[in-house]
Amino acid sequence: MDFDADIPLEELGESVGALDFTAPISLKGRISNVVGMVSLSYSVSTEILLVCDRCLDEFTEDCSRSFEHILVREEKDLVGEDDVLCEDDSLDMTGLCVSDILMGLPTKILCSEDCLGLCPDCGGNLNRGECKCVKEND
């Protein structure tokens, strides 16, 4: 079964976990049952507001990723890290999407690979130019 849906911002709230969404999540995917094994493969497309770990500036990033899971009905059937328990034969697709997006983010979030960060003395953002603090000569 193919699906194509959007999760509106109202459903996501202003902030979900560590994520601030600035656009709805667009979903496209497929659920299939092959010999009793139910698999879910889907892709997401959205936009999120992030904070750079080096300079602390906020920036918006387009987020397009794909995910795959095996859906199981009972906890005893959970085998792999991508297995998802569907209690009462239902799946919280919003929660799964947000979790997958969050887990797919890098551990160090940067506005750009060449971000210069903050001055260790005055805290000025070095991406905006040299800081004006007085440097001691060693």
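Within the stretch 70-122, the proportion of Cα pairs with more than 19 Å between them is 51 percent.
Mind checking the angle between helix 93-104 and the chain's longest principal axis? C-alpha axes, 0 to 90 degrees, to the nearest 10. Tilt of helix 93-104: around 40 degrees. A helix-only calculation puts the chain at -3000 deg cm²/dmol for mean residue ellipticity at 222 nm, using -39500 (n - 2.57) for each DSSP H run of at least four residues, averaged over all residues.
Please say if the stretch 1-65 is rounded, prolate or oblate, where rounded means a/c under 1.5 for a ≥ b ≥ c the square roots of the C-alpha gyration tensor eigenvalues, and otherwise the choice is prolate for a/b larger than b/c and oblate otherwise?
On the way: a/c = 3.06, a/b = 2.30, b/c = 1.33.
The shape class here is prolate.
Within the stretch 28-69, all pairs of alpha-carbon atoms sorted by distance into 10 Å bins from zero give the percentages 24, 31, 23, 15, 7, 0. Kirkwood's formula applied to the C-alpha pairs of the chain gives a hydrodynamic radius of 17.7 angstrom. Normalised size of the stretch 23-97, defined as Cα radius of gyration per 2.2 N^0.38 Å with N residues, equals 1.39.
Report relative contact order for the stretch 2-112 in percent, whole number only (criteria: Cα-Cα under 8 Å, sequence separation at least 6). Don't skip to the end; give the middle numbers.
Details: 188 pairs, mean separation 23.1, N = 111.
RCO, the stretch 2-112: 21 percent.
Result for the chain in a Gaussian network model with C-alpha springs under 10 Å: among D121, D82, D100, the largest mean-square fluctuation is at D121.
Every number in this text was worked out from the coordinates using simple rules, so none of it is lab data. Because the structure is a prediction, the values reported are computed rather than measured.
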